[in-house]
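One structure below.
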Amino acid sequence: MSDSFDVVVIGAGPAGYPAAIRAGQNKLTVACVDEWKNSDGSAAFGGTCLNAGCIPSKALLESSELFQRAKDEFAVHGIVVGDVKLDLAAMQKRRASIVKTMTNGIMALFRANGVTGIHGHGRLLPGNRVQVTGPDGSERTLQARHVVLASGSSPVRLRAVPHDGVRIVDSWNALEFDAVPRRLGVIGAGVIGLELGSVWRRLGSEVTVLEALEQFLPMVDQTIAKEAQRHFKKQGLDIKLGAKVSSAEVKGDGVEVRYSDAAGDHALQVDKLVVAVGRRPFTDELLAEGTGVLLDDRGFIQVDEHCRTNAPDVWAVGDAVRGPMLAHKGKEEGVMVADLIAGHFGEVNYKVIPSVVYTAPEIAWVGQTEEQVKAGGRAYKVGTFPFAASGRARAMEAAQGMAKIVSAVDDDEVLGVHVIGPMAGELIAEAVLAMEYSASTEDLQRTIHAHPTLSEALHEAALAADKKAIDAINR
Ligand SMILES: Cc1cc2nc3c(=O)[nH]c(=O)nc-3n(C[C@H](O)[C@H](O)[C@H](O)COP(=O)(O)OP(=O)(O)OC[C@H]3O[C@@H](n4cnc5c(N)ncnc54)[C@H](O)[C@@H]3O)c2cc1C
């Protein structure tokens with residue numbers, strides 16, 4: 001096997017593997033090096049997203065939602081199922097098999113696109129060489145014209161909360177529990193904390209979420225965040241805001257968590273504690289002396305808007321660089337870089353990156369929140385449409401939440417779209433497309449939406465921005 005490539009990608013997560021595939025499609029010779037190891041010691045491509053993030057979490061969110069709906073909602077539909085029982089082992093087996101299918105799929109895609117996949121640790125050496133240490137300790141050095149760093153991120157650990165992987169765990173461990181914890185503590189009410197809290201709450205845990213910030217989901221439009229908080233409370237997620245954790249200690253079979261809030265100091269007893277306080281760029285043992293690649297003060301690899309690092313022909317993409325830590329953001333960066341290397345056009349529109357929280361109801365948004373638009377000082381109008389007025393949402397027994405659009409008064413530009421409700425993550429794609437093509441609010445108003453669909457909520461919200469909603473009272 002040749003050790004010389006046009007492109008060597010370090011990391012086969014959702015930023016690295018698309019870069020490698022696109023490089024292959026661009027007729028470049030490409031190798032992709034990844035060191036991921038599963039808990040059973042097996043190697044796999046796909047990074048955090050496929051092995052320990054997006055995919056396994058969505059598998060469990062889906063299963064746990066079905067379980068909860070079978071218990072609490074089927075009767076409303078007139079379906080009598082008797083006692084609904086949980087088989088967690090089967091649920092976890094399904095999760096693991098989805099992950100396996102998806103990660104094996106990447107190997108097949110590599111083969112189809114001429115990508116040489118290599119399991120091992122990659123380290124950038126000066127002169128665009130990559131030293132690869134295989135799982136058996138063997139070493140080889142690859143020479144590359146271009147190197148793409150896609151080393152991803154790892155969970156932030158708290159010094160006062162010592163991780164043991166059994167009682168005090170990270171998000172990956174929390175996806176692989178083999179029993180439902182009776183009492184589950186979650187530190188962090190961000191996207192990952194809320195998704196994991198929802199999974200285990202639906203399966204029967206008493207869940208307490210401790211969040212240091214006073215504001216719930218500060219990055220989300222606050223109309224939507226308030227609505228979400230109301231739903232989560234109703235579902236039994238005990239979310240404590242302004243709760244600063246000072247320590248956690250394994251005691252007997254459980255964990256004692258100490259935290260303080262405006263009311264004073266508290267001790268919380270839980271059986272498992274998940275730390276979900278964010279992720280940090282992962283660049284351990286990635287860069288040898290003298291490569292010229294710089295990190296910023298938060299540890300992210302420094303890049304320009306086209307993901308070029310300070311070193312010639314070394315690029316960096318995904319969670320390891322600035323911007324939202326999202327799989328689809330990394331994917332677009334990977335594809336852009338592979339196109340630029342091949343001399344093609346490549347660009348990422350950072351203003352139009354959708355975000356989704358896969359709770360029930362789902363939360364999704366793109367563009368600016370109403371608070372951000374207000375702070376920017378541009379005159380704006382708002383249209384909202386409640387799913388309570390959507391025939392399809394009613395038929396689905398999911399008539400919760402709303403769609404909201406924030407648009408400019410001067411030229412009608414769509415500035416932000418925010419959805420909380422059924423399939424919000426799917427619905428937001430229309431708003432992303434509209435904003436990508438600089439659609440006006442009127443463009444959305446004049447676009448025909450099939451009836452009865454959930455997407456009508458977006459149409460009606462756009463109409464409501466000009467007080468022209470048909471299926472809701474304009475205010
Ligand atoms: C529980 C959870 C749920 C999530 N859900 C979503 C979601 O629904 N949607 C979403 O968009 N995002 C989600 N994310 C975030 C998403 O997983 C990340 O944004 C995404 O994985 C980042 O992709 P990446 O390729 O930059 O890095 P990673 O996926 O972290 O991949 C990096 C890869 O590089 C390898 N690597 C690192 N250093 C080296 C080295 N020196 N040599 C060889 N290999 C190396 C790592 O082993 C890893 O395989 C979730 C994350 C978590 C933890």
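When you scan the stretch 57-76, do you find a residue that is in contact (Cβ under 8 Å) with a residue 60 or more places away in the chain, surrounded by 19 or more Cβ atoms within 10 Å (Cβ to Cβ) and closer than 24 Å to Ile341 by Cβ, even just one?
No: zero hits.
Do you know which residues across the stretch 294-332 are in a loop (DSSP other than H, G, I, E, B), within 12 Å of the ligand (Cβ to nearest atom) and in contact with a helix residue (DSSP H, G or I) (Cβ under 8 Å, 6 or more places away or on another chain)?
Phe300, Cys307, Val317, Val321, Gly323, Met325
Hey, among the residues in the stretch 32-53 that are of a type in the set (Gly, Ala, Ser) and more than 11 Å from the ligand (Cβ to nearest atom), which one's surrounded by the fewest Cβ atoms within 10 Å (Cβ to Cβ)?
Ranking the candidates gives Gly41 first.
Take the residues in the stretch 205-255 that are assigned to a strand (DSSP E or B) and among the small types (Gly, Ala, Ser); name whichever of them is farthest from Gly416 (Cα to Cα).
Gly254
Condition first: touching a Gly at 6+ places or on another chain (Cβ under 6 Å), of a type in the set (Gly, Ala, Ser) and under 21 Å from Gln131 (Cβ atoms). Now tell me which residues in the stretch 16-49 satisfy that.
Answer for the stretch 16-49, where residues must be touching a Gly at 6+ places or on another chain (Cβ under 6 Å), of a type in the set (Gly, Ala, Ser) and under 21 Å from Gln131 (Cβ atoms): Ala19, Gly47.
Kindly establish whether Ser171 is hydroxyl-bearing (Ser, Thr, Tyr), in contact with an Asp or Glu (Cβ under 7 Å, 6 or more places away or on another chain) and within 12 Å of the ligand (Cβ to nearest atom).
So Ser171 does not fit the description; no.
On the given criteria, is Leu142 within 14 Å of Asp34 (Cα to Cα), more than 26 Å from the chain's Cα centre (by Cα) and surrounded by 18 or more Cβ atoms within 10 Å (Cβ to Cβ)?
yes
Quick one: Leu28 ticks every box in (1) touching a strand residue (DSSP E or B) at 6+ places or on another chain (Cβ under 7 Å); (2) part of a helix (DSSP H, G or I); (3) more than 9 Å from the ligand (Cβ to nearest atom) except a single one, so which number is it?
So Leu28 meets the others, but not (2).
Cβ-Cβ below 6 Å, separation at least six or inter-chain, first residue in the stretch 112-134 and without any contact (Cβ under 8 Å) to a residue 60 or more places away in the chain, second within 11 Å of the ligand (Cβ to nearest atom) and of a type outside the set (A, V, I, L, M, F, W, C): which pairs?
From the stretch 112-134, the pairs are Thr133/Gly120; Thr133/His121; Gly134/Gly120.
Restricting to the stretch 364-390, count the residues that are surrounded by 20 or more Cβ atoms within 10 Å (Cβ to Cβ), β-branched (Val, Ile, Thr) and not in a helix (DSSP H, G or I).
Looking only at that region, the number is 3.
Only one of Thr291, Thr283 is polar (S, T, N, Q), within 16 Å of the ligand (Cβ to nearest atom) and more than 25 Å from the chain's Cα centre (by Cα). Can you tell me which?
Thr291
Search the stretch 123-139 for residues being within 19 Å of Asn38 (Cβ to Cβ) and under 32 Å from the mean Cα position of the chain (by Cα), and hand back the single one that is nearest to the ligand (Cβ to nearest atom).
Thr133
Each row is one residue, and each column tells you yes or no for (1) among the hydrophobic types (A, V, I, L, M, F, W, C); (2) closer than 30 Å to Val321 by Cβ; (3) within 15 Å of the ligand (Cβ to nearest atom).
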residue: Val8; (1), (2), (3): yes, yes, yes
residue: Pro18; (1), (2), (3): no, yes, yes
residue: Gly24; (1), (2), (3): no, yes, no
residue: Ile55; (1), (2), (3): yes, yes, yes
residue: Leu61; (1), (2), (3): yes, yes, yes
residue: Ile79; (1), (2), (3): yes, no, no
residue: Asp83; (1), (2), (3): no, no, no
residue: Leu86; (1), (2), (3): yes, no, no
residue: Met102; (1), (2), (3): yes, yes, yes
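If you take the residues of the stretch 391-427 that are under 24 Å from the mean Cα position of the chain (by Cα), in a loop (DSSP other than H, G, I, E, B) and of a type outside the set (A, V, I, L, M), which of them is nearest to Leu454 (Cα to Cα)?
Once the filter is applied, the top-ranked residue is Pro422.
Could you check the stretch 454-475 and list, in sequence order, the residues that are part of a helix (DSSP H, G or I) and either touching a Leu at 6+ places or on another chain (Cβ under 8 Å) or among the β-branched types (Val, Ile, Thr) (or both)?
Ala457, Leu458, His459, Ala462
Give me a count of the residues in the stretch 434-453 that are in contact with a Gly (Cβ under 7 Å, 6 or more places away or on another chain) and not in a helix (DSSP H, G or I).
Qualifying residue count, the stretch 434-453: 1.
List pairs: first residue in the stretch 32-43 and in a loop (DSSP other than H, G, I, E, B), second residue near the ligand (Cβ under 6 Å from one of its atoms) and not aliphatic (A, V, I, L, M) anywhere in the structure, Cβ distance under 8 angstrom, at least six positions apart or on different chains.
From residues that are in a loop (DSSP other than H, G, I, E, B), the pairs are Glu35/His121; Glu35/Gly122; Trp36/Gly47.
Every read-out reported here was derived from the displayed coordinates using simple, explicitly stated rules and does not represent laboratory data. As the structure is a computational prediction, the values presented were derived from the model and not from experiment. So basically every Cβ, Gly included, is an ideal-geometry build from the backbone, and we count neighbours across all protein chains shown.
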